[in-house]
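Data first, discussion second: the structure below is written as C-alpha cells.
What follows draws every value from the coordinates through simple rules; no lab data is involved. On a predicted model such as this, the values are computed, not experimentally measured, just so you know. We place every Cβ from the backbone using ideal geometry, glycine too, and count neighbours over all the protein chains shown.
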C-alpha cells in the first residue's frame, strides 16, 4: 500500500497490541467468570464430600481478594489506555487508530468496574453464610 | 377437631402490619386464601412476605421514576437537555443507584436464605412424593418406627419441624405457601426443609413441580395445631383403625377386601396391607380425599370412588364398577375410619 | 514458522484520499458496472426462487417462518387460557393441556425467539455493514431449510396428539420415562434446529468480524453489530451444553443408558444443570438482540448519536458474561447448599447492573437529543414500560428466599412474560415497523400500528399483571385446572380476557404486515432520517446489497459523511463491478477493517435444500426408531454436503488478485487465519469443545454427586487399548499437520502420504478407544454409560475428521488443493487440533480417572 506505509514489523507490533487490547476487554469479566466457577465448584465438591467448609471459605475469600486485585490492575491499565485525562474525549467516535485504541481502553475500564461489583457480590455469601445447609 | 372444614377460611382479619388501601384491600380479599404466600402463618413465610412488601414498594417507586423520565423526555419535553444531566443520569442511574439498592437487598436476602433449612426441634416428618399423592411418616424424637399416614400433614405450632423429602419416581415439589417456601423432592435423593408454623389453622399445600398428567391434583392440607392437641392427635394416628360398626359400614369393609382394595391400600388392624397407594387407616379423619382433590365428606368420597379417573386423570386407582348401594357402603366405611 | 503460500499481499493506496473519492465516475462506466452487478446478483425467478441464497431472501423466509410458528404457539396459549378461564374446566383434557403448554414454551423459545434473532440479523446485518451478503450464503440457506423442516416436524406433532408433554424443560425422570414419541420429537427435532442455530451464529460472528466495510474500526461498528457479536458468542457457549444433554438424554431414551436414572447411579440433576446452563443465557440471547434494535431506533428518534456508546458495549459484553452465572436461580429449590445458592443469587443481582446501564444510556440519549416521536418509538416505549417491570420482579426473584415462595408459580409466569414481551416481542415489532421500509420499500400503516400497539399493550397488562397476584396467592404453574375457593377464579378470568385482547392486537399487526401494499407510493430512501449504513439501500430494490462498498470513518456515516450516498450510487467506492460475473464481497481485518481480500460468495443452488432434507431424515427417523432409513439419510446428507463444499468453496481462482476499486488490488484467495472459512471452523470448534466439556463435566458431576462413582468392583476400561488410542490420535494429528506443512513446501507426494496415513491412524485410534470400553455394559450403571458416551463422541468426531482428511487427499489428487491454494487443509488441521485435544482428554478420563478417584 502506497502512502503511509508502515513497515511489516511495525504493522505486526501494532496489530499484536490491539489484539491484546481486544482481549483486555474480556479480561476483567473473565476473571469474574473464573472466580465464580472456582467458588461454585469448590463449594459444591466441599459440601458433597464433606470437606472442611470453614477452611474452604477462608481460602476462597483470599482468592476473592486476589481476583479483585487482578481486576483492579486490568482496570488501571485500561484507564491509562483510555487516557481520558489527557484527551478529554469521553466518546471516542473518531475514525483514527488512536480513537479505536482509546475506545478499547474505555470499554475495558467500564467492564472492570462491573466485574469488581460482580466479584464483591459473589463473595458476599462466603462471608454471610456459614455451612453447607 | 377444631380445624376441620376444608375450604372455609379460619382467619379473616386485615393485616395489621401493612396499612394502605391496596394492601388492606388485598388482605380482605385474601380472606379464605389457604394457599397464599401473602397470608403467612409461619415464621419463614412471614419473613419472606415482609421482604416482598418492601421490595414491592421500592419497585413501584423505581418503575414510576424510570418510566416517568421516559415519558417526560419523549412526550412532555422532547427538546435537548444539557449534556451534563445525561452523564449524571447514566452514572447515577446506571451504576450508583443499582449498586446501593442491590447490595442492600442482597445482604437482606442472604441473611434469611439459610432459615428454611435450620434443624428442627425434634419431630421429623418424612414425605415421599408419589404420582400424585403424598406418603407421610411421622418420626417423633427417638422413635424407632414411624407413624404412617398420607395426604395430610399435621404440625405443632410454635416448634420447628424438620421435613425430609424424597420421591418414588419423578420429581415433585413440597410447598405450603402459608408456612414457608418450597423444596423439590427427587427420586434417589433426600432433601430437607424445616417449617416453623405459628398460627393454628388449616392451610393448603400443593405440588409445585410438574409431575405428569394430574400434577394439578396433587395437593394436601397442612394442619397446624396447638402442641397439646397435636400430641393427642398423633397418639390416635399411631393406633390401628377403629372401623365403624353400623351395618352399611360393615358391608363396606367386606367390599373393601373383596374388591381387592387391600392390594394397594393399608388399613392397619385389618387384612388390607397394600403399599402401592395411600394408607387409609384414619382416612375418615382427614380433611380431604384423593390428595386434596375433594373434601372428605361422605358424598365426595362416594363421588371419588365412582369417578376416580375423571377426577384425577391417569391415576393408578381404577374406577370400580360398583352398584350405587355398594358405593354407599364403601363410602360409609371409609368415612367412618376416624 | 509458516511457509508463505506465495499469494499476493494487498497492493495500492489505502485509505483512500478525499481527492480519489471526489473524482467522478463516468456515466457509461457506471451503467455498465450496474448491469454486470445486477446480473451477478439476480434472484432466481419462478419455481427456482427457492434456490435463492441471498441474505435478503433467506432472511425474509426465516422471519416469516418464525412468525408463523409464533402465531401457532400463540394460538396454543389462547387454548391454555380458555381452559384456565374458570375452575375445574374440561375444555381440553389434562394430557392435551400438558402437550399444549410444553409446545407453547418450546415453540416460542426454539422456533420463534432464537431463530427470530438469527432471521433478523441475517436480513439486516449485511445492510448495516455495507456488505453484499453474509460470508456463507449457502450456510444461511441450509440453516433456514433445517429450521423449516425441524420446526414443522416438532410443532406438527401437536396435531397428531403426539407432542412432547413433560414441559419445555423436559426434566427427567418424567420425560425419560414418558411413553410415546413425544420426548424424542422434542429431543431430536430441537437438536436438529439447535445445530442450525449454531451454524447461523457462526456465520453472524464471522460476518461481523470479517465483512465490515473498510475503515469501520471496532469503535465505529453499529451497536447492533456489537450485540450480534456478543449474542453469537453466547450461543456458541450456551447451546452446546444442551446438545450434550440431548445426546445423553436420547441415549437413555433409545438404549436405556441410565444417565438420569437414580436407581443405576444416574442423576436427574445433571440434566437440570445442563439445561439451565443453556436456559439462562438463552434468555439473554433472546433479549440482547432485541434491545439492539432499540439501540438502532433510539438515536434516530433522538436525532443524535447514541449517548454512551462504550457504556452500551460494556453492557452487552458484561451481560454476556454474567448471564452464564445465573443458571442455578432456576434451581433454587433443589436443595443445593445455601452458599451455592448465595453465589447465584449474587450473580443474578449483579446482572441487573449492565441491563440497567443499557436502559439509562437510552434515557440519556433521549435527554441529550431532540426527540421526534415515531411509531417504532411508541413500541419501544411500551417495551421499556413492560421490561422494567419484568426486570424489577427479576430483582425480587434473584433473592433466593423470595424465590422459594414464587418459584414455579404464576408469579414466574408473569415475570417471564414481562421480560420476554418487553425484552423481545415489543422491540422486535418496533423493529418490524422501523425496518419494514428497508426490507419491502413500503411503509406500514401508522393507524393500524397504533391500534395494534394499544390493543397488545393493554391486553398484555390485563393478562399478566394479575398473574403476579395469582402466583403469590399460591397457584402453581403447569396445572391444567384448579379448584375453586382459593381466590384464583376471577384473576384467571381477567387473564383470559387479556389474552384475547393481545390476540386482537396481533391480528391488527399481522394484517398490517401482510396486506397488499402495491398501490402505496414508493418511500423516500431514508424515511426516518437515520444515520446508519442500511439506509443507503436502493429504492426500488436491487439485489446486490450495496452498489459499492463505502469507506466508513464515522459511527453515523449518513449524518457525518454527507457525500457518501452519492458516491456509493456512483460506484465510486470498493467493488463497484462484477467483471467476472461472480458474486463477491469484501473481507476486512478484524479490528481496523482494512481490506484484505475479495471473497467470492456462493450463489443459488438446490444442494442446500437436499442437504437439509437428508439431514432432517437423519434426525427425524430415529424418533420412531427407524434406524436404517436414518443411516441412509445421514449418509446422503454427508454426500450432499461434500458435493456442496467441493463445487463451491475454496475454489482455485482464475487470477490471484483483482482490482477492488480505488486503485486497490486485493487477493482473491486466502487460506488459514486470513480466510473466513478458517474463522468459521475455529468458532464452530469452540462450540463443539464446549459440548465435549459438558460431557466431561457430567463425568465429574457423577463423581461429586454420588458416593459410589465408580461403583465398588466395577469393570474399568482396558488401559492398554486406551494408550494405543492416545498414540493413534497423536499420529493422525501429526500426519495431518505434517501434510499441511509439506504441501505448502511443495512436497506434494509426501503430503499425500501423510493424508493416507492420517485417516488410517484415526480409524485405528477410534477403534481402539471404543474397544477399550467394549466389555463394559452401559445399561448396568452410569459409570460404564458415561465412558461409552465419551468414546462414541470421540469416535464420531474421528469419523468426520477422516472424511475431511480424505477430502483433502482427493483435493490434492484432483488439483483443488495445491501448495499455493491450500485453504481446505488448513481448516481440516484446525478441526484435528480440537479433536485431538478432546480425544486425549477422553483418553485421560477413561484411562486414568478410575485409578485417581
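Spacing of the modelled spin labels on residue A:22 and residue C:22, each 7 Å from Cα toward Cβ, amounts to 3.5 nm.
In terms of its C-alpha gyration tensor, chain C comes out oblate, because a/c is 1.5 or above while a/b does not outweigh b/c. The mean number of Cβ atoms from other chains found within 10 Å of a Cβ in peptide C:482-493 is 4, as a whole number. As a rough footprinting exposure proxy, the listed residues C:211, C:639, A:132 were ranked by other beta carbons within 10 Å of their own, and the order from fewest upward is C:639, A:132, C:211.
Residue C:780 to residue C:639: extension gain in nm, 0.36 nm per residue of separation minus the Cα-Cα distance? Numbers along the way, then the final one.
Details: separation 141, 0.36 × 141 = 50.76 nm, distance 3.70 nm.
The span from residue C:780 to residue C:639 would gain 47.1 nm if fully extended.
Cα centroid separation, the range C:150-193 to the range C:559-600: 46 Å.
Run the numbers on the range C:672-852 and let me know its relative contact order in percent, using alpha-carbon pairs under 8 Å that are six or more apart.
Working: 210 pairs, mean separation 58.3, N = 181.
Here the relative contact order equals 32 percent.
Pull out the extension gain between residue C:370 and residue C:96, defined as 0.36 nm times the separation in residues minus the alpha carbon to alpha carbon distance; nm, one decimal. Kindly include the intermediate steps, with their values, before the conclusion.
On the way: separation 274, 0.36 × 274 = 98.64 nm, distance 5.28 nm.
Stretched fully, the residue C:370-residue C:96 segment lengthens by 93.4 nm.
Our summary gives chain B a relative contact order of 16 percent, counting only alpha carbon pairs under 8 angstrom and 6 or more residues apart.
For the ranges B:193-201, C:466-474, B:297-305, what's the packing order if you count other beta-carbon atoms within 10 Å of each residue, average per peptide, and put the highest first? The partial results should precede the final answer.
Working: B:193-201: 22.6, C:466-474: 24.2, B:297-305: 18.1.
The densest-packed peptide leads the list: C:466-474, B:193-201, B:297-305.
Among C:227, C:627, the ranking by other beta carbons within 10 Å of each residue's beta carbon, starting with the fewest, stands as C:627, C:227.
Restricting to chain C, compute how many DSSP beta bridges are antiparallel as a %, nearest 5.
Details: 11 of 11 bridges.
Looking only at bridges with both residues in chain C, the antiparallel portion is about 100 percent.
Per-residue ellipticity at 222 nm from helix content only, as computed over chain C with -39500 (n - 2.57) for each DSSP H run of at least four residues, stands at -21500 deg cm²/dmol. Legend: mean number of C-beta atoms from other chains within 10 angstrom of residue C-beta atoms, peptide C:172-180, equals 3.
Beta bridges from DSSP with both residues in the range B:145-242: antiparallel share about 70 percent, rounded to the nearest 5. Separation of the range C:1-38 from the range B:274-296 is 84 Å, based on Cα centroids.
The packing ranking of peptides C:528-541, B:263-276, highest mean first, is C:528-541, B:263-276, where packing means the average number of other beta carbon atoms within 10 angstrom of each residue.
When peptides C:343-350, C:592-599 are ranked by their average number of other Cβ atoms within 10 Å per residue, the highest-first order is C:343-350, C:592-599. Remark: C:5, C:310, C:780 ranked as C:780, C:5, C:310, counting other beta-carbon atoms within 10 Å and listing the fewest first.
Here the protein assembly as shown carries DSSP beta bridges of which approximately 75% are antiparallel, counting only pairs with both residues inside. Take each residue of peptide A:36-43, count the partner chain Cβ atoms within 10 Å of its Cβ, and average: the result is 5.
Over chain B, dividing the summed -39,500 (n - 2.57) contributions of all DSSP H runs of at least 4 residues by the number of residues returns a 222 nm mean residue ellipticity of -10000 deg cm²/dmol. How big is the gap, in Å, between the Cα center of the range C:544-558 and the Cα center of the range C:822-853? Taking the Cα centre of the range C:822-853 as reference, the centre of the range C:544-558 is 43 Å away. Spin-label model, residue C:82 to residue B:307: label points 7 Å out along the Cα-to-beta-carbon direction sit 2.2 nm apart.
For a test of the definition: using alpha carbon positions, the gyration tensor, and the 1.5 limit on a/c, classify the range B:247-335 as rounded, prolate or oblate.
Working: a/c = 1.25, a/b = 1.11, b/c = 1.12.
It comes out rounded by the Cα gyration axes.
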